[in-house]
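Reviewing the structure listed below.
The values are calculated or read from the model by the stated rules, or taken from the named source; none is laboratory data. It should be emphasised that the depicted structure is a prediction, and the values quoted were computed from it without experimental measurement. A quick note on method: Cβ atoms are made from the backbone with ideal geometry, for glycine too, and the neighbour counts reach across all protein chains shown. The area values use the complete protein model at the heavy-atom level, side chains included, leaving out ligands, DNA and RNA. Shrake-Rupley method; radii C 1.70, N 1.55, O 1.52, S 1.80 Å.
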Amino acid sequence: MSEVRDILAETAERMLGDLCPPAVVNAADPGGFAMDLWRAVEASGLHRACLTEAAGGAGLTLAEALPMVRAFARFAAPVPMAEALLAGVLLERAGLPLPEGVVTLAETPVAFSGKAGGRTRAPFARHAAHVVLWHADGAQLRVALLNTQGVRLTPAENLAGEPRDQLDLDAAPLAAVGVASMNAMDLPAHGALLRAAQLVGAMEKTLDLAREHVTTRVQFGRPLSAFQAVSHSLVLAFGESAAAQAAVDAAGALSGERPHFLAVAAAKIRAGKAATAVARAAHQALGAMGYTHEHPLHQYTRRIWSWRDEFGSEAEWAKQLGLAARSKSAEQLWGWITDTEVA
């Protein structure tokens, strides 16, 4: 699958280069959506990459789709690519088809039987035709497809200006219901790995912008990069980004149909910690210019600050790791830490 993975990532890069320039990202801020880009995604089938070939997909696992997800993050693409991939996998495992149009995923579990109830939040819900709902049912997940037409929606955005809309689901009719062979921890772990990959992509672009600035901006007759304090700060930030990328790559390599809990938790924690250092160093390097709307830096640092908390912050994942470690006996602990089987 590595060849298919690389082809899809390269396809995404070319598509984003053509259809997602900074002007498109700025036009979608806040709360907007890049419809031309999404039409191209649908035409190419990229949002179906993690479905089986029988369902019209490429048969990738979510872990194998991480390079493509990183590419969308490097362009700050205002479309729910990560959510669509995860929603498609959840629907297929529940025996439900992926519908046409924009599909997104509820961030929190929602109780339902024939109809849904309560409230939930979903990325890009105002632009979506369907939202995938879910809740734990023993060792499995119950999954439902909600048609957003007629559903009461309260628009909201995260710090990056991306839609994170509240849905009032009282007595909302469901288009389809199924049961997926995925336990309650697998879904947030898959989401955390996707967000960690997005963090890595955003950090890569953030550091590219910072490096370009300090190598071209001249003060006192010298480029900013010639000043040791500036270079030292950015070198440390590049190291943080590289460590996060290594953690995400390791989690992707260890994950398959199920996420590797230990590796995913480490990746989300490491990416979240790196995000703070990278965003701080970049804004220090660019000074006031980096805070202007005209400069693209804020489109990446605001996403970094938003994504680090979604699908579990580093503090939440560190707590989960601690609880899991505490449940092991002295004889079990080292084997659990070093085990490469899905945990």
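Just a few scattered comments:
- Cβ-Cβ under 7 Å pairs, at least 6 apart or on other chains, the range 36-48 side touching a residue at least 12 places away in the same chain (Cβ under 8 Å), far side open to solvent by 50 Å² or more (accessible area, probe 1.4 Å) and assigned to a helix (DSSP H, G or I): Asp36/Leu19; Leu37/Leu19; Ala40/Leu19
- Pairs where the first residue, in the range 321-337, is in a helix (DSSP H, G or I) and the second is of a type in the set (A, V, I, L, M), C-beta under 6 Å, 6+ apart: Leu321/Ala265
- Search result, residues across the range 304-320 that are assigned to a loop (DSSP other than H, G, I, E, B) and open to solvent by 60 Å² or more (accessible area, probe 1.4 Å): Asp309
- Residue within the range 252-267 that is surrounded by fewer than 17 Cβ atoms within 10 Å (Cβ to Cβ), of a type in the set (Asp, Glu) and assigned by TED's automatic domain parsing to the domain that holds Arg308 present: yes
- Answer from Ala111, Ala58, Ala82 - the residue that is of a type in the set (Gly, Ala, Ser), in the same structural domain as Asn158 (by TED's automatic domain parsing) and open to solvent by 40 Å² or more (accessible area, probe 1.4 Å): Ala111
- For Thr340, the conditions (1) outside any loop (DSSP other than H, G, I, E, B); (2) of a type outside the set (A, V, I, L, M); (3) at pLDDT below 95 are fulfilled apart from (1).
- Selection status of Ala271, assigned to a helix (DSSP H, G or I), farther than 21 Å from Gly191 by Cα, in contact (Cβ under 8 Å) with a residue 24 or more places away in the chain and not assigned by TED's automatic domain parsing to the domain that holds Val69: no
- Residue match in the range 187-208 (condition: open to solvent by 40 Å² or more (accessible area, probe 1.4 Å), basic (Lys, Arg) and assigned to a helix (DSSP H, G or I)): yes
- Arg121 falls short on exactly one of the conditions (1) touching a His at 6+ places or on another chain (Cβ under 7 Å); (2) open to solvent by 60 Å² or more (accessible area, probe 1.4 Å), and that condition is (1).
- Set side by side, the residues Thr301, Thr276 differ, and just one is at pLDDT 95 or above, assigned to a helix (DSSP H, G or I) and of a type in the set (Ser, Thr, Tyr), which is Thr301.
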